[in-house]
Amino acid sequence: DVQMTQSPYYLAVSPGESVSINCKASKSISKYLAWYQQRPGKVNKLLIYDGSTLQSGIPSRFSGSRSGTDFTLTIRSLESEDFGLYYCQQHNEFPFTFGSGTRLEIK
Amino acid sequence: QVSLKESGPGILQPSQTLSLTCSFSGFSLNNYGMCVGWIRQSSGKGLEWLAHIWWNDDKYYNPSLKNRLTISKDTSTNQAFLKITNMDTADSATYYCARTLRPHWHFDFWGPGTMVTVSS
């Protein structure tokens, strides 16, 4: 199975600031990585897929990038609605695997 | 408007079989490219993909649970199902269904999840 190592585990950031969350795959997954947001009382939301493709309806302050097996989710100008949990998922091969999550909280 | 919603028993005893239903709208599993997957989330193991079913009835399972999982669908009622046999306390989790649209393999729409507790 492809292991996804996500970091950091926790971030406390002020609104308006920018943040980066990282995921490293244990082997090549090509570009096939997705990012999801999880918030209490809300349905999980797809943000980015194929490493850098923004899902329809997601604000452009979210972006994804890739360098080899390292992937980064960047959120610019954080808004209050951005705080929550973030997960990566490799969608290159079975079984699909997820990162352990990053909790993004308001400082 | 795509939406999905999971339903399940809430609580069951060890060794019992879990039966979950995913009721969806806004798409049909009769249509080319449509797939529904099941994912669970527990505090101990995070998010774990379980199984997928395709519009053409192809099925894919996580090998770590393969012998215990059965995924199926009923296109006439817009539902997908997952059965897990021989449930254990370690299977206590929130179970989600989500849509996948081929050729992609990410989940573009999720249900709110249903919590399942295994306890004697």
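Just so you know, all these numbers are worked out from the coordinates, no wet-lab data involved. Quantities reported herein were computed from a predicted structural model and do not represent experimental measurements. All Cβ positions, even for glycine, are placed from backbone atoms using ideal geometry, and neighbour counts span all protein chains on display.
Key figures
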read-out	value
Dimensionless Rg ratio for the protein assembly as shown, taking C-alpha atoms and the 2.2 N^0.38 Å reference	1.00
Isolated Cys residues of chain B, judged by Cβ distance under 4.7 Å to other cysteines	B:Cys35
Selected from A:Gly57, A:Gly16, A:Gly84 as most flexible by GNM, with chain A as the system and alpha-carbon contacts under 10 Å	A:Gly57
Difference of contour (0.36 nm per residue) and Cα-Cα distance, B:Asp58 to B:Ser72	4.1 nm
Kirkwood Rh in Å, taken over chain A so that all alpha-carbon pairs contribute	13.6
Stretch gain in nm, segment A:Val13-A:Asp50, where the contour uses 0.36 nm per residue and the Cα spacing is subtracted	10.7 nm
Sorted by Cβ neighbour density within 10 Å, fewest at the top, the residues A:Thr69, B:Thr100, A:Thr5	A:Thr5, A:Thr69, B:Thr100
Fewest-first ranking of A:Cys88, B:Cys97, using other Cβ atoms within 10 Å as the exposure measure	A:Cys88, B:Cys97
Candidate aspartates and glutamates - alpha carbon under 20 Å from B:Lys66, same-chain residues fewer than 8 apart omitted	A:Asp1, A:Glu93, B:Glu48, B:Asp57, B:Asp58, B:Asp88, B:Asp91
Residues whose placed amide H lies under 5 Å from that of A:Leu47, excluding near-sequence neighbours	A:Trp35, A:Tyr36, A:Gln37
Most fluctuating residue given options B:Pro103, B:Pro63, B:Pro14, as computed from a GNM of chain B linking Cα atoms under 10 Å	B:Pro103
Inter-label distance for A:Gln3 and B:Asn31, nm, one decimal - labels placed 7 Å from Cα along Cα-to-Cβ	4.1
